[in-house]
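A short write-up of the structure that comes next.
The values are calculated or read from the model by the stated rules, or taken from the named source; none is laboratory data. The model shown is predicted, which means the values in this text are computed figures rather than measured ones. Heads up, the Cβs are rebuilt from the backbone with ideal geometry, glycines too, and the neighbour counts pull from every protein chain shown. Each accessible area value is taken on the protein alone, full model and side chains, heavy atoms only, with ligands, DNA and RNA left out. Shrake-Rupley method; radii C 1.70, N 1.55, O 1.52, S 1.80 Å.
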Amino acid sequence: MLELKKINTYYGNIQALHDISLSVEEGEIITLIGANGAGKSTTLMSISGIVPPRTGEIIFQGKPIHELPPDKIVALGICQVPEGRHIFPDLTVAENLDMGAFLRRDKQGIKEDLEYIYALFPILAKRRNQPGGNLSGGEQQMLAISRALMARPQLLLLDEPSMGLAPLVTRQIFDIIKKINEEQNTTIFLVEQNANLALKVADRGYVLETGRITMHDDAGALLINEDVKKAYLGI
Ligand code: ATP
């Protein structure tokens, strides 16, 4: 579904990604794990066109997308939930969700997706008329994921969904990520510092170290890999 071929991404003169190659198959959850500053967010932003690669190719469903602007990439079916959530704090929950559907014209489909989301996250239904800024951190993360789902993406890019959340809330969010993948057949590219959680939910994983992919394998195999355990699982 998605292929990154030797991408190199820079911030000015600083090279953040070095020859990153990876692939995502339709229907899977893949995760990119790595320390702070390894380049996980940059990888997602390269895919979504926010920080496009300087060299290399990104192919989505057979088409090159690395030279497209972010709005065109969203229109093709790739939606990113950025780190730190970035919901609209002054808009209500319902209005935030409407914003996610702004490229769509199928009213019936939008209505169905809204019902699906309110069933997935009953708390959002309860708070639908409250400003997004009044929600707790976990609820804002739910809203950010839901807003992305309203675009009915084929590929959902999630940047650190566990950031700043209590363990119980994080577990809830991860259960829902799995559910979205299974029920909606949404392919998920998950970036996480919490490698243990990410590898438990993912099918496959890549390890990123200072802008380079150093390992990739089935998530189950990475979970029991001695180097991964030492470096990322605190075992
Ligand atoms: P974190 O979990 O801390 O966000 P990360 O793995 O997502 O880490 P990135 O945010 O992708 O890492 O950062 C990769 C590298 O690029 C780091 O060295 C970082 O300092 C640098 N970097 C990130 N954003 C910028 C920017 N806007 N300008 C310059 N350098 C940046």
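Is it the case that residue 166 is away from the ligand (no atom under 16 Å from the Cβ) and under 16 Å from residue 29 (Cα atoms)? Step through it out loud before you land on a result.
Details: away from the ligand (no atom under 16 Å from the Cβ): yes; under 16 Å from residue 29 (Cα atoms): no.
Considered against the rule, which asks whether it is away from the ligand (no atom under 16 Å from the Cβ) and under 16 Å from residue 29 (Cα atoms), residue 166 comes out as no.
Hey, can you tell me all the residues within the range 52-65 that are in contact with a Leu (Cβ under 9 Å, 6 or more places away or on another chain) and either buried (at least 18 other Cβ atoms within 10 Å of the Cβ) or on the phi > 0 side of the Ramachandran plot (or both)?
52, 53, 56, 58, 60, 61, 65
Out of the residues in the range 4-34 that are within 7 Å of the ligand (Cβ to nearest atom) and either part of a strand (DSSP E or B) or in contact with a strand residue (DSSP E or B) (Cβ under 8 Å, 6 or more places away or on another chain) (or both), which is farthest from residue 68 (Cα to Cα)?
34
Which members of the range 66-86 meet the condition of being open to solvent by 30 Å² or more (accessible area, probe 1.4 Å) and within 16 Å of the ligand (Cβ to nearest atom)?
70, 80, 82, 83, 84, 85, 86
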